[in-house]
């Protein structure tokens, strides 16, 4: 975890990786507001160096200090991490949407558009949206990137944030599944009903499928 003031961050990044600052400044200045979103200018973003803060800045700055801390923090970087961080039913399942379960344990089942029924699953993730269905062992959730790469090579790509159907339409983050109530093995949240979760964040789980020819 990194902590810094905006002024210090920009000053150090300008010193060590000025191309990133230049391109992102252009991307912001030429960007536009679209409902609840801000969309960076596409060309500037494409020309921005693809480098992480670790390599671009933290390995180069002479203003860094390391402090040991135990915060119990997770960036929820995978479906397995999301399952671990979420509230579970008596069988260890994390359930969201219109779902029916029979003899399912320690699994993550997410329905975004249709009824999902599962029988006899163990340690499995099932994520359904209007565009795609993902099924995998929870222990291999990090390998989703292989599917993304394979489909890009074949001319089809998956975008992890499902676009809204109208400007200004709110898209609940998948972390909202922790706020969905369950009654037995079936979620009581009606499809398309408002989300009551007060947590906001990156929508890590909604898939949109876009076919490029």
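Laboratory data are not the source of any read-out in this text; all were calculated from the coordinates shown. These numbers come from a predicted model, not from an experiment. Cβ sites come from the backbone with ideal geometry, for glycine too, and all protein chains shown count toward neighbours.
Here's the picture: a label point sits 7 Å out from the Cα of residue 63 along the beta-carbon direction, and within the range 7-37 the residues with their amide nitrogen under 11 Å of it are 7-16. Distances between every pair of Cα atoms in the range 6-58, grouped in 10 Å steps from 0 to the bin holding the largest one, split as 25, 46, 26, 2 percent. Remark: spin-label model distance residue 81-residue 47 equals 3.3 nm, labels positioned 7 Å along the Cα→Cβ axis.
In terms of its alpha-carbon gyration tensor, the range 24-140 comes out oblate; a/c meets the 1.5 threshold, while b/c is at least as large as a/b.
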